[in-house]
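The values are calculated or read from the model by the stated rules, or taken from the named source; none is laboratory data. Quick caveat, the model's predicted, so the values are computed rather than measured. Glycine also receives a Cβ, built like all others from the backbone with ideal geometry; neighbour counts cover every protein chain displayed.
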Amino acid sequence: MTASTGHGRGRGPMRATVLARELGRLLGVEGPGTWSAHAACRDRRDDLMYPDGDERSAVYVCHAEAARAVCGWCPVRAACLEHALVAGEDHGIWGGTTPDERRAMRRRAWKGA
């Protein structure tokens, strides 16, 4: 299996996502009947859901908003966000949130515990 980020690097968060999807498929964790099988982004290009660059840059914000538009009508948005928070996903848009937003959520949850 060849995984690519779409940027010619062949490593990084998108490669990890491709490998995780394949591992999930092989283990039977992903597929029909799981939340990810119903995700609005399941057939989207990885570069849409994994914008490049600094989260504070205008380009990143623009790309993140495009990804959030997909999340906005996703039937499994809550499950996706829960997965990202539990799994500690540090890259990409999950459940309509950026990595910075998820880190802030985890910090608030940690302080409240």
(request) Select from segment 41-62 the residues that are among the hydrophobic types (A, V, I, L, M, F, W, C), surrounded by 12 or more Cβ atoms within 10 Å (Cβ to Cβ) and more than 14 Å from the chain's Cα centre (by Cα) and list them in ascending order. (result) 61
(message) Could you tell me how many of the residues in segment 72-83 are crowded, with 16+ Cβ neighbours inside 10 Å and in contact with a helix residue (DSSP H, G or I) (Cβ under 6 Å, 6 or more places away or on another chain)?
(response) 3
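Could you list, in sequence order, the residues of segment 80-113 that are within 12 Å of residue 40 (Cα to Cα) and out of contact with any Ser or Thr (no Cβ under 8 Å at 6 or more places or on another chain)?
Just the residues of segment 80-113 that are within 12 Å of residue 40 (Cα to Cα), to begin with: 80, 94-96.
94, 95, 96 - these are the residues of segment 80-113 that are within 12 Å of residue 40 (Cα to Cα) and out of contact with any Ser or Thr (no Cβ under 8 Å at 6 or more places or on another chain).
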(request) Would you mention how many residues in segment 39-58 are at pLDDT 90 or above and assigned to a helix (DSSP H, G or I)? (result) 2
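Could you look through segment 59-76, keep only residues that are touching a residue at least 24 places away in the same chain (Cβ under 8 Å) and in a helix (DSSP H, G or I), and pick out the one that is farthest from residue 45 (Cα to Cα)?
Looking only at segment 59-76, we keep the residues that are touching a residue at least 24 places away in the same chain (Cβ under 8 Å), and these are 64, 67-68, 70-76.
From the residues that got through so far, the ones that are in a helix (DSSP H, G or I) too are 64, 67-68, 70-72.
Details: 64: 13, 67: 10, 68: 14, 70: 12, 71: 14, 72: 17 Å.
Checking each candidate, the answer is 72.
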